[in-house]
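First comes the structure, then the notes that go with it.
The values are calculated or read from the model by the stated rules, or taken from the named source; none is laboratory data. Because the structure is a prediction, the values reported are computed rather than measured. Reconstructed Cβ throughout: ideal geometry from the backbone, glycine too, with neighbour counts over all protein chains shown.
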Amino acid sequence: MSSPGTLSAALNFLPQWWQEATDPTVFDALLSGWARACGWRACGFAWTGEAGPVVRTVHGSSFTEAPAPLEVPDALRRLKSGEATVQYSIPNTAGRVFAAVHPAGRPTGVLWAEKTAGQPWADAERAYLALAAKTVERAPALALAIGPIIDPERLYQRLGDTAIIAGRMAHDFDNLLQGIIGFSDLTLPMLQPGTQAANFVAEIGKVGQRGITFTQQLHHLSRSGQVKPNPGAVPLAVTKEQARLKPVAPPGVRFENDLPSNPPAVAVEAGPLQAVIGHLLENAVEACPQGGVVRVTARAVELTDADARAHLGRVGVGAHLQITVSDNGPGIKPDVRRRLFVEPFFTTKVRHRGLGLAVAYRVLCSHRGGIQIEPVPAPGTGTQVRIVLPLAAARPPAVANGSFTASATRG
């Protein structure tokens, strides 16, 4: 990219990344076209996700079966620390420059390019590479290469629309179910105990109670977007939810906690906080085998912009409390992992409705938090879910009904 004409061609190419794509080879074709338009000596993309690495390398305008550049780990470290681009000296070239690609809620990858010797990198060209990386991270073709990319705002809006309908339906069904339960309770004493008729009426009452349990879940979804300025205590929420789940956990399953002795309060009031932690613990308990372990850890963290982008939600930079819930079960299958959040109410559990993660996500988004779901690092097995919540002492603007509210200000 050594001339104004080349720079113009490079800028004109960027909108091509936004074209709709259904063929997995489109990403490769776009990367080759980008190399030609910019005049790169070589360029590529490297990303490591749940199913393994995705590496694409172009020399001139042709693909090669080359591994990811050796500089990728260090480049990722520097990019995550806040650098917009990083450059390395490469023999017989003008250097190789890396920029971060941040797919929402997914691991960070890199887009890189190198120029021919004698054509030093200009500041404008490095800025262009950073712009190209931000374009690629939202490209439909990238989703075909690495798996689904979720738009957090669109997901939040979809859940918000659903929550309105869920709240109205839950109210109507509550009235119907209360009538069924009430009349079954009135009828049962009139019947001879142990008769078939008495058993049938008793069963009607049980079915009504199960219906009430389901409508309560719909109410939770409806209310999950509400924000109140009361701080919440994580250890108390963990203790209450573990006590609730111990009687129904598989035999031998135990809880292990690694919590600070005096963790800072988070900017999520007790009810929603307990709902989020409860859903995560329920999933972990159900995934555990007999004698398994559900582990909860928490620690204060300072998030960079790259850290925030790696979470699905509405996470900002700065001080947060990070809570991790892990199990030692078989883990989430890759095909299931790809459908989580992409299909908002997706579930593999019999008699479940997929409301747990939906409620947790709405609560987290509304309170400027976020979530990550990933395998437990080897040699362990299982799944770990990590959430981050802003501290009550540095409360960010709250979100209500999909918009900012003026009632909460940063401390």
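Key figures
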read-out: Test set (1) of a type outside the set (Val, Ile, Thr); (2) surrounded by fewer than 23 Cβ atoms within 10 Å (Cβ to Cβ); (3) touching a Leu at 6+ places or on another chain (Cβ under 7 Å); (4) outside any strand (DSSP E or B) - residue 107 fails condition number; value: (3)
read-out: Residue within the range 208-222 that is farther than 30 Å from residue 387 by Cβ, surrounded by 15 or more Cβ atoms within 10 Å (Cβ to Cβ) and at pLDDT 90 or above present; value: yes
read-out: Subset of the range 64-84 (residues that are under 23 Å from residue 116 (Cβ atoms) and in contact with a Ser or Thr (Cβ under 7 Å, 6 or more places away or on another chain)); value: 64, 66
read-out: Top-ranked residue of the range 77-89 - restricted to ones that are modelled with pLDDT under 95 and either assigned to a loop (DSSP other than H, G, I, E, B) or not charged (D, E, K, R) (or both), ranked as surrounded by the most Cβ atoms within 10 Å (Cβ to Cβ); value: 79
read-out: Every pair of residues 6+ apart whose Cβ atoms lie under 6 Å, when the first sits in the range 305-329 and is over 18 Å from residue 362 (Cα atoms) while the second is acidic (Asp, Glu) and surrounded by fewer than 18 Cβ atoms within 10 Å (Cβ to Cβ); value: 317/305; 319/302
read-out: Test: residue in the range 14-22 that is acidic (Asp, Glu) and surrounded by 17 or more Cβ atoms within 10 Å (Cβ to Cβ); value: no
read-out: Residue match in the range 276-298 (condition: surrounded by fewer than 19 Cβ atoms within 10 Å (Cβ to Cβ), outside the structural domain of residue 356 (by TED's automatic domain parsing) and touching a Ser or Thr at 6+ places or on another chain (Cβ under 6 Å)); value: no
read-out: Search result, residues across the range 79-137 that are among the hydrophobic types (A, V, I, L, M, F, W, C), in contact (Cβ under 8 Å) with a residue 40 or more places away in the chain and closer than 30 Å to residue 385 by Cβ; value: 79, 100, 101, 104, 110, 111, 136
read-out: Qualifying residues in the range 49-62 (those that are modelled with pLDDT of 85 or more and buried (at least 16 other Cβ atoms within 10 Å of the Cβ)) - the one nearest to residue 103 (Cα to Cα); value: 54
read-out: Among (1) assigned to a helix (DSSP H, G or I); (2) surrounded by fewer than 16 Cβ atoms within 10 Å (Cβ to Cβ), the one test that residue 301 misses; value: (1)
